[in-house]
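What follows is a set of notes on a single structure, which appears directly below.
The values are calculated or read from the model by the stated rules, or taken from the named source; none is laboratory data. Computed from a predicted structure; not experimentally measured. For neighbour counting, all protein chains shown are included, and Cβ atoms are generated from backbone atoms with ideal geometry for every residue, glycine included.
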Amino acid sequence: MPAYKVPMRDMRFLMNEVLDYPTHYAQLAQGGEATPDVVDAIVQECAKLCEEVVAPLYQSGDEQGCQFDQGQVTTPQGYREAYDAFVAGGWQGLSHPVEYGGQGLPISLGLIKQEMLGTANWPFSMYPGLSLGAMNTILMHGSEAQKQTYLVPLTEGRWAGTMCLTEPQCGTDLGQVKTTAQPQADGSYLITGTKIFISSGDHDLTENIIHIVLARLPDAPKGTRGISLFIVPKVKVSSDGSLGERNPVTCGALEKKMGIKASSTCVLNFDAAEGFLIGTANQGLECMFTFMNTARIGTAIQGVGSAERSYQGALEYAKERRSMRALSGAKEREHVADSLHHHGDVRRMLLTQKVIAEGGRALLYEAAQKADYMIEGLLAEDMQKYEHWDDKLGFITPILKGCLTELGLESANIGVQVFGGHGYIREHGMEQIVRDARISTLYEGTTGIQGLDLLGRKVLLMSQGKAVRDYTKSMLDTALPLLKNSRLRGKALKVLMLAGQWNWLTVRIALKARKDRDLVSTACHDFLMYSGYAALAFIWLKMAAAADARLQHGGEQSADFYRAKLASADFYFERLLPRAKSHAHSMTRSTGSLMRTPIEHFAFD
């Protein structure tokens, strides 16, 4: 497998020239330490860890997988040493409050760290990644005593965390959760039930694992309104913070999976395990969404990482592998055939991967700025500010998770295609990226669930279309001034048209859904993907504008980089954005062809 190289130049372009992270950080209360020099040093040091320590374990971890013996999970060779190096560098607490053991830097820096880590080795990154969700949930909803007891060792990386939602009888429909929580006289609860598909549910990387568990109290209402959230440690914690006896939480099995084999996915059995209520009784679903939003953005990173990792491998192979002559004539006469990258269809595949990876990364970095503002509002107890940015981030989150994971999987498949038959065998590692990427469209809510969350919940139910209007207004504000730029006018016009069409489609679906409720379900996938392509067009316009400005104002030192960025923008608008048109057409069609056929007619015998 080709070695992973952190795309430092592209990352710096986004942070410093497109999104202006230096000014952004200067405006944050917790951004004072995040000066350009400090940020650059952090990114470089993290890149070194990812390239030299974490990435080399990607293929070997897949070959070895996790091992399960008598209830104990062992991670692949080298994982524990790599995790120790990760902890020693203070990476787990990079963006968490100093008073709980963190470094207090903006959360966007943590996302950039996660992107590098996840691209280097997604299965490895899941261990600290799941801990981040637990940390955020305790930070936002835990009591001060819970923060001191659990958040500090989690932030330091000495302990790990999980999210325990899914049960054998239910996945997305959490109203069917059966795990029970029996109150005890000392204020604790005894948690009993079985959870499945628990990422990082058990491992040998840390001395303790803190499970965030959904369960029902004895008198809880039925459905989602009767779910509470609990902290359940693998090893009980004494009042002085020391570890006590083992809690009756056991790993019953490791799931046998298609991919991410170095990440332990466990069946966990809770047999009257000691737990503690976090947040308010019967409001666990609200608290859980803190974890889910963290996980969904984290999964969007996997989409970008899959695209980037596969692109890097495919590009190197296309430069080295020779086959036939280019149709326009021989390009490398000194060789018996031309390199693959001279062929038009291979160029199409490589550029598709490139614009997915770079566009997706840009959307993530832009969303990370919204997260910075949201967290700042939370820490300052300015709930109006927090809720404003939480709404902004909430709108874009299902688009990031749903669309970027679908496109990341597409890019991973393209990488195999560039390699041809060599991509299908394990030697080159390209097929592993496909197997690992496949889960990204499934966990933390399938693409269909993200579509329903976006269209049904965020757009129609919660905001009556305002979420789309607000986002498209920023599209208008950016695109209108660029109509004066001859180089960018065509792209600006397309973005303006998308802004208008997006609002029109939203209104049309809302009106039609009044008479046919099934329309929300039949349209949601197309609405999600349309939204993703529109958001990518918007961010590619921003990147093109930044590159054009640098070329016009003394950017000759990196002229090739900026010209390549403009060429990539051309490719996106000409070759990928037209896909949005078919989604626009499909989402407004009648539900008849989908819903009127009786299920009996689906039979094939």
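Structural remarks
- Scan of region 166-186 for residues that are assigned to a loop (DSSP other than H, G, I, E, B), at pLDDT below 95 and surrounded by fewer than 17 Cβ atoms within 10 Å (Cβ to Cβ), ordered by number: Pro168, Gln169, Thr172, Asp173, Lys178
- Selected residue [more than 22 Å from Ala437 (Cα to Cα), without any contact (Cβ under 8 Å) to a residue 40 or more places away in the chain and within 29 Å of the chain's Cα centre (by Cα)] from Glu286, Glu245: Glu286
- Residue count, region 116-166 (criterion: among the charged types (D, E, K, R) and under 24 Å from Gly377 (Cβ atoms)): 2
- Selection from region 226-274 of residues that are within 26 Å of Phe124 (Cα to Cα) and touching a helix residue (DSSP H, G or I) at 6+ places or on another chain (Cβ under 7 Å): Ile231, Met258, Gly259, Ile260, Lys261, Ala262, Ser263
- Number of the exception - His96 against (1) at pLDDT 95 or above; (2) in contact with a Ser or Thr (Cβ under 8 Å, 6 or more places away or on another chain); (3) part of a loop (DSSP other than H, G, I, E, B): (1)
Here is a yes/no grid of residues against (1) without any contact (Cβ under 8 Å) to a residue 12 or more places away in the chain; (2) in contact with a Lys or Arg (Cβ under 8 Å, 6 or more places away or on another chain); (3) within 18 Å of Asp271 (Cβ to Cβ):
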site: Arg158; (1), (2), (3): no, no, no
site: Asp173; (1), (2), (3): yes, no, no
site: Lys178; (1), (2), (3): no, yes, yes
site: Ala181; (1), (2), (3): no, yes, yes
site: Ser200; (1), (2), (3): no, no, no
site: Asp219; (1), (2), (3): yes, no, no
site: Gly223; (1), (2), (3): no, no, no
site: Ser228; (1), (2), (3): no, yes, no
site: Pro233; (1), (2), (3): no, no, yes
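- Residues in region 51-64 that are surrounded by fewer than 19 Cβ atoms within 10 Å (Cβ to Cβ) and not polar (S, T, N, Q) were compared, and the one that is nearest to Glu308 (Cα to Cα) is Glu51.
- Residue in region 74-82 that is polar (S, T, N, Q) and in a strand (DSSP E or B) present: yes
- Counting the residues of region 565-599 that are closer than 27 Å to Arg361 by Cβ and either free of Cβ contacts under 8 Å to residues at least 60 places away in the same chain or not in a helix (DSSP H, G or I) (or both) gives 9.
- Per this entry, Leu480 is not counted among residues that are surrounded by fewer than 16 Cβ atoms within 10 Å (Cβ to Cβ) and modelled with pLDDT under 95.
- The single condition among (1) out of contact with any helix residue (DSSP H, G or I) (no Cβ under 9 Å at 6 or more places or on another chain); (2) touching a residue at least 24 places away in the same chain (Cβ under 8 Å) that Thr23 does not meet is (2).
- Flag if Ala253 is more than 17 Å from Thr179 (Cα to Cα) and in the same structural domain as Tyr127 (by TED's automatic domain parsing): yes
- Taken together, Leu151, Leu130, Leu105 contain a single residue that is touching a Leu at 6+ places or on another chain (Cβ under 7 Å), buried (at least 24 other Cβ atoms within 10 Å of the Cβ) and closer than 19 Å to Glu207 by Cβ, which is Leu151.
- Residue list for region 64-80, restricted to those being touching a residue at least 60 places away in the same chain (Cβ under 8 Å), closer than 21 Å to Leu117 by Cβ and of a type outside the set (Ser, Thr, Tyr): Gln64, Gly65, Cys66, Val73, Pro76, Arg80
- Sole residue being closer than 22 Å to Arg457 by Cβ and either outside any helix (DSSP H, G or I) or touching a Ser or Thr at 6+ places or on another chain (Cβ under 9 Å) (or both), chosen from Thr352, Thr405, Thr397: Thr405
- Within region 542-580, if we keep just the residues that are surrounded by fewer than 18 Cβ atoms within 10 Å (Cβ to Cβ) and among the basic types (Lys, Arg), the residue that is farthest from Gln353 (Cα to Cα) turns out to be Arg563.
- The one condition from (1) more than 30 Å from Arg563 (Cβ to Cβ); (2) of a type in the set (A, V, I, L, M, F, W, C); (3) assigned to a helix (DSSP H, G or I) that Cys50 does not meet is (1).
- Ala603 being small (Gly, Ala, Ser) and more than 27 Å from the chain's Cα centre (by Cα): yes
- Yes/no for Leu277 being under 21 Å from Gln184 (Cβ atoms), in contact with a Phe, Trp or Tyr (Cβ under 9 Å, 6 or more places away or on another chain) and at pLDDT 95 or above: yes
- Counting the residues of region 228-237 that are closer than 12 Å to Glu274 by Cα, part of a strand (DSSP E or B) and in contact with a strand residue (DSSP E or B) (Cβ under 6 Å, 6 or more places away or on another chain) gives 6.
- Residue that is out of contact with any helix residue (DSSP H, G or I) (no Cβ under 7 Å at 6 or more places or on another chain) and not assigned by TED's automatic domain parsing to the domain that holds Lys195, where the choices are Gly101, Gly110, Gly65: Gly110
- Of all residues in region 374-392 being part of a helix (DSSP H, G or I) and touching a residue at least 60 places away in the same chain (Cβ under 8 Å), the one that is surrounded by the most Cβ atoms within 10 Å (Cβ to Cβ): Ile375
- Thr522 vs. criteria β-branched (Val, Ile, Thr), at negative phi and assigned to a helix (DSSP H, G or I): yes
- Among the residues of region 127-165, those identified as hydroxyl-bearing (Ser, Thr, Tyr) and not in a helix (DSSP H, G or I) are Ser143, Thr162.
- Test for Val346: is it of a type in the set (Val, Ile, Thr) and buried (at least 22 other Cβ atoms within 10 Å of the Cβ): no
- Number of the condition not met by Arg225 [criteria: (1) more than 20 Å from the chain's Cα centre (by Cα); (2) crowded, with 24+ Cβ neighbours inside 10 Å; (3) in a helix (DSSP H, G or I); (4) at pLDDT below 95]: (2)
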